[in-house]
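Student: The structure follows.
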Amino acid sequence: MPVDGIHDLGGLQGLGRVAHSPAEPAFHDRWEAVARALMELVAGAVEASGGEFRHAIERMEPGHYLTSSYYEHWLTAAATLAVEHGVVTHADLEARAGGRFPLSGPVLAPPVTDGGPDVGEPRFGTGDRVRVREWHPPGHTRCPRYVRGKAGTVVRVDGTHSVPDVEAHGAARRHEPTYSVRFDAADLWQDGQRGVSVHVDLWDSYLERP
Amino acid sequence: MSGERHHHPAPVSPVEQRVAALEALLTERGLVPEGFIEEITRRYESEIGPMNGAKVVARAWTDPGYKERLLADGTAAIAELGFGGAEGEHMVVVENTPAVHNVIVCTLCSCYPWPTLGLPPAWYKDPPYRARMVREPRVLLAEMGCPLPGDAEIRVWDSSAEVRYLVLPQRPPGTEGMAEADLAGLVTRDSMIGVARL
């Protein structure tokens, strides 16, 4: 059951203009600071990894995701993780809020109990051509859809990091090198602009030899 | 006095009610340390923000050795000025030149270098910027007030893993005699994201 989430926005069309402002306060209102603080507290209390936290946002109902602000995403994820880990109940939240308290949808991927062996040595070096695997995992991933199946060139080899696809779905961890891969815009988009490249940072297991 | 009316608190929105509900429940369970929320607010409102990144840029403009270290190992060079921590553990600094313009984005969420730029602005986290910057950067930059010459190369950096990026903008012409602290005052948040040139 593949899930290509609404959060994976790179390249989507029809979203309109950017509501740019040259400066804005760290928090527009006190509730934003509270939501931020509560997310940090919940993540700490339930020992959520970065992957699990992000996945809790990505599981929001798509309409809600697109029409709510960043800190409403954080609030929804915090409440969802608190309910899923038994800290509070959904009924408690709605009773206290005096109305609906929408939470994120369920995890659709099976739990990962064995993350597999770590990858210590990078398989690729700077200048190597690589291709991104064309796949649609049912859970969390940090491989954007717009580069799947596309070929690019490694421009930087970074350190070894925990694979989000594993850490989001249980206590297991796998560590792999990450790479910055350059894609020519013309290889990503039919209307790719001349002189444009897009660099995406990808874990080792997202890549294969072209 | 009609002014009395203005002392009534604004109606509480549904999202504020939900925040208050979660805060109350977590507080009852002993999960909200005294002063934690105020500390978060204070830190991001007064200590962490683009004024930090501006100091890094101004140092790079005035000290060639520092610039070399900054481009070679962003994390270590930024730490020399005392900045680091969450969302700044793996920094890569990309340099703008007359021929190359760099711009940063996070298409999957909102990754951003907190220690040097502070919390990301709302538009950086909203769908239009995330969707469009990887697909039509030249059009979007022009729309945001940053038109580039047709022959300028554009490098977009999607912060999809653990690295966070900072753009080193070009030093503006006519600033040759300026002191480092004054130069820092010229550096904007947008120029370090790459949606403006100085």
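Coordinate-derived values only; no laboratory data. Quick caveat: nothing in here was measured; it's all calculated off a predicted structure. Backbone-built Cβ (ideal geometry, glycine too); neighbour counts: all protein chains shown.
Student: Run A:Leu66 past the list (1) in contact (Cβ under 8 Å) with a residue 24 or more places away in the chain; (2) at the interface with chain B (Cβ under 9 Å from one of its Cβ atoms); (3) of a type outside the set (Val, Ile, Thr); (4) in contact with a Phe, Trp or Tyr (Cβ under 6 Å, 6 or more places away or on another chain) and report the number of the one that doesn't hold.
Tutor: (4)
Student: Considering only residues that are farther than 20 Å from A:Tyr65 by Cβ and of a type in the set (A, V, I, L, M, F, W, C), look in the range A:79-120 and name the one that is nearest to the other protein chains (Cβ to nearest Cβ).
Tutor: Checked the range A:79-120; the qualifying residue nearest to the other protein chains (Cβ to nearest Cβ) is A:Val88.
Student: Something else: State which residue pairs qualify: first residue farther than 23 Å from A:Gln190 by Cβ and inside the range A:6-25, second residue among the β-branched types (Val, Ile, Thr) in any location, beta carbons under 7 Å apart, and separation of 6 or more residues or different chains.
Tutor: If the second residue must be among the β-branched types (Val, Ile, Thr), the pairs left are A:His7/A:Ile57.
Student: Answer yes if at least one residue in the range A:126-144 is surrounded by fewer than 20 Cβ atoms within 10 Å (Cβ to Cβ), outside any strand (DSSP E or B) and within 14 Å of chain B (Cβ to nearest Cβ), and no otherwise. Talk me through it step by step, then tell me what you get.
Tutor: Within the range A:126-144, the subset surrounded by fewer than 20 Cβ atoms within 10 Å (Cβ to Cβ) is A:126-129, A:131, A:133-138.
Right, trim to outside any strand (DSSP E or B) and you get A:126-128, A:133-138.
Then drop every residue that is not within 14 Å of chain B (Cβ to nearest Cβ), which leaves A:126, A:137.
So far as the range A:126-144 goes, yes, one or more of its residues are surrounded by fewer than 20 Cβ atoms within 10 Å (Cβ to Cβ), outside any strand (DSSP E or B) and within 14 Å of chain B (Cβ to nearest Cβ).
Student: Sticking with this one: Taking the condition of being surrounded by fewer than 20 Cβ atoms within 10 Å (Cβ to Cβ), among the hydrophobic types (A, V, I, L, M, F, W, C) and in contact with a helix residue (DSSP H, G or I) (Cβ under 9 Å, 6 or more places away or on another chain), how many residues in the range A:159-178 meet it?
Tutor: 1
Student: Of the residues that sit in the range B:121-180 and are acidic (Asp, Glu) and outside any loop (DSSP other than H, G, I, E, B), which one is nearest to B:Ala86 (Cα to Cα)? Walk me through how you get there before you give the answer.
Tutor: The first filter runs over the range B:121-180 and keeps only residues acidic (Asp, Glu), leaving B:126, B:136, B:143, B:151, B:153, B:158, B:162, B:176, B:180.
Add one more test, that the residue is outside any loop (DSSP other than H, G, I, E, B), and what stays is B:143, B:153, B:158, B:180.
Numbers: B:Glu143: 32, B:Glu153: 31, B:Asp158: 18, B:Glu180: 27 Å.
Among residues in the range B:121-180 that are acidic (Asp, Glu) and outside any loop (DSSP other than H, G, I, E, B), the one nearest to B:Ala86 (Cα to Cα) is B:Asp158.
Student: Which of (1) without any contact (Cβ under 8 Å) to a residue 60 or more places away in the chain; (2) within 14 Å of chain A (Cβ to nearest Cβ); (3) outside any helix (DSSP H, G or I) is the odd one out, the single condition B:Glu87 does not satisfy?
Tutor: Of everything listed in (1) without any contact (Cβ under 8 Å) to a residue 60 or more places away in the chain; (2) within 14 Å of chain A (Cβ to nearest Cβ); (3) outside any helix (DSSP H, G or I), B:Glu87 misses just condition (1).
Student: Can you tell me which condition B:Asn102 does not meet? The list is (1) within 11 Å of another protein chain (Cβ to nearest Cβ); (2) surrounded by fewer than 21 Cβ atoms within 10 Å (Cβ to Cβ), and all the others hold.
Tutor: For B:Asn102, the failing item is (2).
Student: Has the range A:26-42 got at least one residue that is touching a residue at least 24 places away in the same chain (Cβ under 8 Å), in contact with a Cys (Cβ under 9 Å, 6 or more places away or on another chain) and basic (Lys, Arg)?
Tutor: Taking every residue of the range A:26-42 in turn, none turns out to be touching a residue at least 24 places away in the same chain (Cβ under 8 Å), in contact with a Cys (Cβ under 9 Å, 6 or more places away or on another chain) and basic (Lys, Arg).
Student: Within the range A:148-170, which residues are without any contact (Cβ under 8 Å) to a residue 60 or more places away in the chain and either part of a helix (DSSP H, G or I) or closer than 21 Å to A:Gly11 by Cβ (or both)?
Tutor: Matches in the range A:148-170: A:Arg148, A:Gly149, A:Lys150, A:Ala151, A:Gly152, A:Thr153, A:Val155.
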